[in-house]
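See below for the structure under consideration.
The values are calculated or read from the model by the stated rules, or taken from the named source; none is laboratory data. None of these values were measured; they are calculated from a predicted model. As a convention, Cβ positions derive from the backbone with ideal geometry for all residues, glycine included, and neighbour counts pool all protein chains shown. Protein only, heavy atoms only, side chains kept; ligands, DNA and RNA dropped before computing areas. Shrake-Rupley method; radii C 1.70, N 1.55, O 1.52, S 1.80 Å.
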Amino acid sequence: EIKINCTAAMADEDKDGLAEILTDDDALCEICDQKFDAADKNKTGVIEKDELANVMEAVAHKLNIPPPSEEFVSDVYMQLDVNEDGKITKEEFAVFVRTLLQEIYDSL
């Protein structure tokens with residue numbers, strides 16, 4: 001299970017917006033599709049480990065924290081690859097995004 005520690009200072013309206021996204025499957029699917037497509041740089045329809053590493057490094061940079069280790073990226077990749085086929089599908093990615101958003105919401 002992937003545990004994300006999220007402590008963010010968000011305004012009440014941000015939390016309300018997040019709650020709205022979590023209860024609106026169409027909005028959540030749109031977000032997942034956009035983020036998946038952005039991560040899938042080589043447009044193969046799956047996210048490969050190097051693509052996940054790039055996303056994680058970009059997030060770390062944006063948060064001004066150290067980039068993830070190669071081992072951490074591998075661990076996260078294996079956890080996201082639920083069917084163990086060596087690829088992260090759009091469906092596996094969507095489960096991750098929903099879990100991440102729910103954990104952020106719950107931490108507020």
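Some values worked out for this structure:
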quantity	calculated
Helices (runs of 4 or more DSSP H) enclosed by the stretch 1-97 - at least 3 residues per element that are modelled with pLDDT under 90	12-23, 25-39, 49-62
Residues that are open to solvent by less than 80 Å² (accessible area, probe 1.4 Å) and touching a residue at least 60 places away in the same chain (Cβ under 8 Å), drawn from the stretch 20-45	Ile21, Leu22, Leu28, Cys29, Ile31, Cys32
Matching entry among Lys62, Lys90 (being in contact with a Phe, Trp or Tyr (Cβ under 8 Å, 6 or more places away or on another chain) and open to solvent by 60 Å² or more (accessible area, probe 1.4 Å))	Lys90
